[in-house]
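Taking it in order: structure first as structure tokens, then the write-up.
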Amino acid sequence: MAQPNDHGHSHHQSPGHHPTPAENPSQGNGASHPAVAIQRQPHHRQHQHRSGSARAFRWSVILNSGLSALQLAIGFGFGSLALIGDAVHNLGDVAGLLLGWGAERLSSRAPNERFTYGFGRSTQLASLANAVLILMASAVVLMEGIKRLGASTEVISTPVAWAAAAGIVVNLFSARLFGHDNSHDLNRRAAVIHLLGDAAVSGAVLVSAIVVGITHWYWLDAATGIAVGLAVAWSGWGLLRDAMQVALDAVPPGIEMAAVDQALRHLPGVLDVHHLHVWGMSTSQIALTAHVVRRPLEVDDMALLHQAKVRLAEIGIAHSTIQLEPPS
């Protein structure tokens, strides 16, 4: 008869088998089997970012808001479309950072009776909204750059150069606040990509301002503005593509389905694996469901579940639901 454990993983006990305290957490001293313990303590890569996230988001929003205001004032005051484009990109990042911050806080809320998976999807929605905002901002900058390309609008380069230099410093510092390992979290990776992209854009604006100040080629500022718009559009498109894949339950980057399938098939006593699904519960948490056919008397079911969870955790999957089945 199938007996589900406290995480919904069914296992079959052979007739006459009496589970030990280690196999049945409800008996003995209450100690959980390692298969249960590993489920309650997810893979460290999936949650290690939580402690410093609030500080990183908060300071990035404050610094980039002030930077955007400064760049807009100098851009309009001294006629630099390139600097205005950089400021628009920064404003898009501020909105994106606010969305990402709110989504990450929401994703940490406990599941309830209505939202049984919790609110992890909010980080995915934030990444999607962020990508749309970036594409809209890039379109505005491109249109204005094309309009001004043929016009000879004077640009006072010195204050523009200082504002661009400030943009490099602020964005690099803000990106550093998020740490170096963000590949496992699309929401945080989006924030870091935007900040690094802004630093690169500010660098281009700085070079443009210096060249304009020396040569008085004022058309170069409009051309730089167009280049900035294209760079922003490229980063926004990449983020939109990634966010759409996550929203459609695609296999998260870094997870090879063949490796997952083989990890389960190579467990002792396993005959077949089917109905294998891997998806992102949020931008940082990966889930798996699978049906595993095994020889019932060859290996203890709880030991098999424990080995499966260890193997999956090594791959980066800590939230797994495995249904054990007898051979046909």
Inset, instruction - Say whether the condition of being within 21 Å of L142 (Cβ to Cβ), touching a residue at least 40 places away in the same chain (Cβ under 8 Å), open to solvent by less than 70 Å² (accessible area, probe 1.4 Å) and among the small types (G, A, S) is met by at least one residue in the stretch 207-218. - result: yes
Inset, instruction - Check G145 against each of (1) within 16 Å of L230 (Cα to Cα); (2) of a type outside the set (V, I, T); (3) out of contact with any helix residue (DSSP H, G or I) (no Cβ under 6 Å at 6 or more places or on another chain) and name the one condition it does not meet. - result: (3)
Inset, instruction - Please find, within the stretch 59-83, the residue that is modelled with the lowest pLDDT out of those that are under 20 Å from A222 (Cβ atoms) and surrounded by fewer than 24 Cβ atoms within 10 Å (Cβ to Cβ). - result: G79
Inset, instruction - Run N112 past the list (1) more than 17 Å from the chain's Cα centre (by Cα); (2) open to solvent by less than 10 Å² (accessible area, probe 1.4 Å); (3) over 30 Å from T215 (Cβ atoms) and report the number of the one that doesn't hold. - result: (2)
Legend entry - Where a residue in the stretch 111-126 is within 16 Å of W279 (Cα to Cα) and its partner, wherever it lies, is surrounded by fewer than 12 Cβ atoms within 10 Å (Cβ to Cβ) and among the polar types (S, T, N, Q), with Cβ under 9 Å and at least six apart: G118/N112
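Any residue that is among the aromatic types (F, W, Y) and within 32 Å of the chain's Cα centre (by Cα) - is there at least one of those in the stretch 209-218? Spell out the reasoning first.
Initially, the stretch 209-218 is screened for residues among the aromatic types (F, W, Y), giving 217-218.
So of that shortlist, the ones also within 32 Å of the chain's Cα centre (by Cα) come out as none.
Within the stretch 209-218, none of the residues are among the aromatic types (F, W, Y) and within 32 Å of the chain's Cα centre (by Cα).
Does V132 qualify as being more than 21 Å from R58 (Cα to Cα), modelled with pLDDT of 80 or more and surrounded by fewer than 17 Cβ atoms within 10 Å (Cβ to Cβ)?
Working: more than 21 Å from R58 (Cα to Cα): yes; modelled with pLDDT of 80 or more: yes; surrounded by fewer than 17 Cβ atoms within 10 Å (Cβ to Cβ): yes.
Considered against the rule, which asks whether it is more than 21 Å from R58 (Cα to Cα), modelled with pLDDT of 80 or more and surrounded by fewer than 17 Cβ atoms within 10 Å (Cβ to Cβ), V132 comes out as yes.
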Inset, instruction - Starting from the stretch 73-96, take each residue that is without any contact (Cβ under 8 Å) to a residue 24 or more places away in the chain and list its partners that are of a type outside the set (G, A, S), counting only C-beta distances under 6 angstrom and pairs at least six apart or across chains. - result: A87/Q71; A87/L72
Inset, instruction - Can you confirm whether the stretch 92-109 contains a residue that is at pLDDT 80 or above, under 30 Å from G213 (Cβ atoms) and surrounded by 17 or more Cβ atoms within 10 Å (Cβ to Cβ)? - result: yes
Inset, instruction - Identify the single condition in (1) farther than 30 Å from D198 by Cβ; (2) touching a Gly at 6+ places or on another chain (Cβ under 9 Å) that H275 does not satisfy, given that it satisfies every other one. - result: (2)
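The values are calculated or read from the model by the stated rules, or taken from the named source; none is laboratory data. Because the structure is a prediction, the values reported are computed rather than measured. Cβ coordinates were reconstructed from backbone atoms using ideal geometry, including for glycine residues, and neighbour counts include every protein chain displayed. Please note that ligands, DNA and RNA were not included when accessible areas were found on the heavy atoms of the full protein model with its side chains. Shrake-Rupley method; radii C 1.70, N 1.55, O 1.52, S 1.80 Å.
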